[in-house]
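The values are calculated or read from the model by the stated rules, or taken from the named source; none is laboratory data. Values in this document were obtained by computation on a predicted structure and should not be read as measured data. No Cβ is skipped: glycine too gets one built from the backbone with ideal geometry, and neighbour counts run over all protein chains shown. The protein model used for the area step is the full one, side chains on, heavy atoms only, and it has no ligands, DNA or RNA in it. Shrake-Rupley method; radii C 1.70, N 1.55, O 1.52, S 1.80 Å.
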Amino acid sequence: MKALIVDDEAANLENLHRLLKTYAPDVQVCAVAENVEDAVNAIKHHHPELVFLDIQLHGQSGFDLLKQLGDINFEIIFVTAYNQYGIQAVKFAALDYLLKPIDIDEFTVAVNKARKTIQQRKKNDRLGYLLEYLKDDNLVKPRIALPMFGETRYVNIADIIRCEADNTYTRFFLASGEKVLVSKTLKEYADMLAGYSFVRVHQTHLVNMSYIKSWLREDGGSLLLTDGIKIPVSKLNKRKVKDMLGEAFKLLSF
């Protein structure tokens, strides 16, 4: 579970870090922010699943942050020293809110609630992906759902040229020329697309075989795609590439 902490006081940031490390070690703090602008940028870049949000932030508020975002696809735990903000927090559909100084039991309850809610949402997302795939007009052109910041993009699998790992993210390169960045690992998509003529040619590259134009012997072996991009093939994956491409590669010397 990826979490972002938004608080303008160093002591509060340190305290939340310590509580998470001690009582919720499965929660990974992907970033911290001390003001609304930094928080907006951190949310767009890291796509957290949970945000611990202080209400008062250098003359602005956590509510100002949420108003700027529009669609909110993460859970929120407000953290405040003022009880009167509780009702307002609930109006913003916050998962929970914690009063400073933070009570450990209340903190644990709030994080457990977040964990269950996020897990249920993922299950619902997977069901939605399945239902989208099973629609009659998708039986010929299966699609994949790509969760992005603020939206879920449905893409025809046949329109995906390749996928490239970007740390813990995956960047999709589409036939239209568009690039889509998704906060999931390449391995997850390699497993998901295994039955659709995609081959993992390198640790950082997953390629749709329909877009392979030719095999290049340079640099130990690489693939030239129809969009002119050269993709390296690792030694470990060379045999697998040959097997998957089948008859077309029988005359090639690896």
Query raised in the report: So what does Ser214 come to for accessible area, using a 1.4 Å probe and Å² rounded to 10?
Result: 40
**Report entry** Neighbourhood charge, 10 Å Cβ-Cβ cut-off, centred on His205 and excluding it, Lys, Arg +1 and Asp, Glu -1
**Finding:** +1
Query - Backbone HN-Hα couplings from phi across the range 182-197 [Karplus 6.51/-1.76/1.60, Hz, Gly and Pro as x] - result: 10, 8, 9, 6, 5, 4, 4, 6, 4, 5, 5, 9, 4, x, 10, 6
Requested in this report: Leaving ligands, DNA and RNA out of it, rank Cys30, Cys163 by accessible area with a 1.4 Å probe, largest first.
Outcome: Cys30, Cys163
Report summary line: If amide H atoms are modeled at 1.01 Å from N in the peptide plane, then the residues at a separation of 5 or more from Lys100, or on another chain, having amide H under 5 Å from its own are Thr80, Ala81, Tyr82
Query raised in the report: Each residue of the range 170-178 in turn: what ³J(HN,Hα) in whole Hz from Karplus with 6.51, -1.76, 1.60 and θ = phi - 60°, glycine and Pro shown as x?
Result: 10, 9, 9, 10, 9, 4, 6, x, 6
Query raised in the report: How much FRET efficiency would the formula 1/(1 + (r/R0)^6) give for Glu218 and Lys187, where r is the Cβ-Cβ distance and R0 is 25 Å, rounded to 0.05?
Result: 0.35
Report summary line: For Lys67 the rounded accessible area (nearest 10 Å², probe 1.4 Å, non-protein molecules ignored) is 140
Query raised in the report: Suppose R0 equals 51 Å; then what is the FRET efficiency for Tyr196 and Gln56 from their Cβ-Cβ distance, rounded to the nearest 0.05?
Result: 0.55
